[in-house]
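Notes follow once the structure below has been shown.
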Ligand code: MOS
């Protein structure tokens, strides 16, 4: 019998994407559309004394210019501006007043008949500022580190636990110790699709007299509609947010961005349809992965048993919101040291609020931790894999719970075997290939297996086709495809007869697509809705004359090959079409809410794991690093579609290479401005940087995480990668670079001062 889940199927939206049929937020045709262009602050802190817009207003085709001076009155309380991913604090409100809180802050919106006109007129706006001294440098402000405020967003990113045992004493007494500081620069999200909102304004037909249809780049249409409704006091039913395709999110579209606010503001004031699109440079005025400084100290007995662990982290946030990059929790999840101490802090600087970026906190924290574990291995003279196996834990020590499933050991085994780890010469600088030094490094990865409530609808239509929907997003992860697979399997309908719809606030509600939870969250809702339709079909089947199902229970039947069947003897069946006909010719529909079984889940730690093995070649003269080979083995529960899942892991691995070797938002602190704010200067890998990437899935059977047994794969692929690369670079060169990205200047400078094997 046909079974779709578990098979490496192509994306159902693939053809639409490659043929250009798929429309993104800035691509919807609208009659009489106006275009908004954002003007950004060129100072970092202070006040607008005067903003001169007269020259710009005189340009023919300019419709309006919005600044803090003519902004209409909007919602007063911070609460109205809080979205589903808002950290504690006071959300940024565009054009609120004359105050400048960060460089690049939007200070005006020029609205014109064309984008080009708006952009031209924007160059004619002059601003007199009253500048104040700003602080943007993490290192120079470390004395300001403080505990973050606790709030809503900490639900999924809990602060680290209290100390256990006596770290200081255990560390002092440990025969083998390492303690190092790790510095990570900040990174900006650079999805291919620029942020954009197209607001279609209509009049007359509705109760309030106005109707807003908004095409928004977002990871959650529900989040956007709540925000617009609250901020602009527009009734819910007069707004519809649509986002069928997202050209990459990575966390940047978890929060409504300021182009949405500005586009709605202009449409509402002008009573016209308005589109606001950011430029690539303006993408660097949004949230980002914050810079961090971390210290990790590990103490072990001479046989490698880890006894003491310390991890502190300081991350940048803005002056107005306590975004916290939680980097310090992961050691307690991976290693069973008895004496531990974690310390998580933030520093408020004159910058925009950071945002979640793929595996927020996880990849940065695990990079420091897994580099420290590598340093410990060299000090012990022990193979890094052996050290990890010696300190393997079946429990999450932070909350003393066993894992619902954890096949990390098998990940290590199969990854090491595929990579050929056993052939590694442990001595740094021992493996050469002509003028390059070859290094092999490894690391562990870990991420959460979240599950949230969501709703979905399933409609088996009169023509036998199944329509399933939920207001979730497909941020490139494959949501359309896996939901189609789940629905097709649950009701035994061929995939080509199943249509899954998403990204529309008219559909049943779903949370923002983030945290790798969409497969579990929306998948469970889709399964529940299809099962509810199945139960209705079962009831119809029982009522048929001489029904073979009259005396059986729902648990005795299955759906396959367009029929309801007896599990014991699938040949005993009634075609679905017969049941639809028996329904008086009406479609069979059901809406279901899937809610996590907290009573069951809370007794277990729920995480994904990975083992990463990397080969690098370092040019001895130039210090250039190439990742020539990498193997990641992943334990993430059940894999619904090995093809789309593999794409997720490979995407994460590529970004891991980027984070380790290339990517950094470089700020000139004299100006408080990001200087490399374009794809010409902000380095991300190109095809020539990427070589052999290999993915292994170690499947886990897990009926605790959620009804589908899936854990999500959107983030785990990046987590262990930078540490494995940094560790491989050390193995190749004998140089430990603790400041990411590992660029050639750092290797060459260090090469003249430090070549050691410990
Ligand atoms: Mo992800 S950073 O939760 O989109």
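Observations
- Projected label distance in nm at residue 587 and residue 751, using a 7 Å step from Cα toward the beta-carbon: 6.6 nm
- Solvent-free Debye scattering, log10 I(q)/I(0), computed from the Cα coordinates of segment 562-718 at q = 0.19 Å⁻¹: -1.15
- Cα-only Debye scattering, segment 452-595: base-10 log of I(q)/I(0) at q = 0.14, 0.22 Å⁻¹: -0.62, -1.26
- Residue 670 paired with residue 409, simple spin-label distance in nm, labels 7 Å along Cα-to-beta-carbon: 5.8 nm
- Here is the tail figure for segment 659-698: Cα pairs spaced more than 14 Å apart come to 61 percent of all pairs.
- Solvent-free Debye scattering, log10 I(q)/I(0), computed from the Cα coordinates of segment 1-153 at q = 0.12, 0.13 Å⁻¹: -0.79, -0.86
- In this calculation the C-beta distance from residue 131 to residue 739 is compared with R0 = 45 Å, giving a FRET efficiency of 0.90.
- For segment 570-661, diffusion coefficient by Stokes-Einstein and Kirkwood Rh (Cα), 25 °C, 0.890 mPa s, µm²/s: 129 µm²/s
- Kirkwood radius and radius of gyration were both taken over the C-alpha atoms of segment 387-538, and their ratio Rg/Rh is 1.18.
- Theoretical ellipticity at 222 nm over the chain - DSSP helices of four or more residues, -39500 (n - 2.57) apiece, nearest 500: -7500 deg cm²/dmol
- The modelled label-to-label distance for the pair residue 69/residue 18, using points 7 Å beyond Cα in the direction of Cβ, is 5.4 nm.
- Rg/Rg_ref, segment 73-137, where Rg_ref = 2.2 N^0.38 Å and atoms are Cα: 1.42
- Per-residue extension of 0.36 nm, minus the Cα-Cα distance of residue 535 and residue 236, leaves a gain of 104.4 nm for this segment.
- Evaluated over segment 20-80, the Cα radius of gyration and Dmax, each in Å: 16.5, 47
- Principal semi-axes in Å for the chain [√(5λ), Cα gyration tensor, largest first]: 42, 39, 22
- Amide N of segment 2-39 lying under 18 Å from the label point, which is placed 7 angstrom from the Cα of residue 202 along Cα→Cβ: 28-34
Only the coordinates and a few stated rules stand behind these numbers; no lab work does. For clarity, every value in this text was computed on a predicted model and none was experimentally measured. Please note: Cβ atoms are built from the backbone with ideal geometry, for glycine as well, and neighbour counts cover all protein chains shown.
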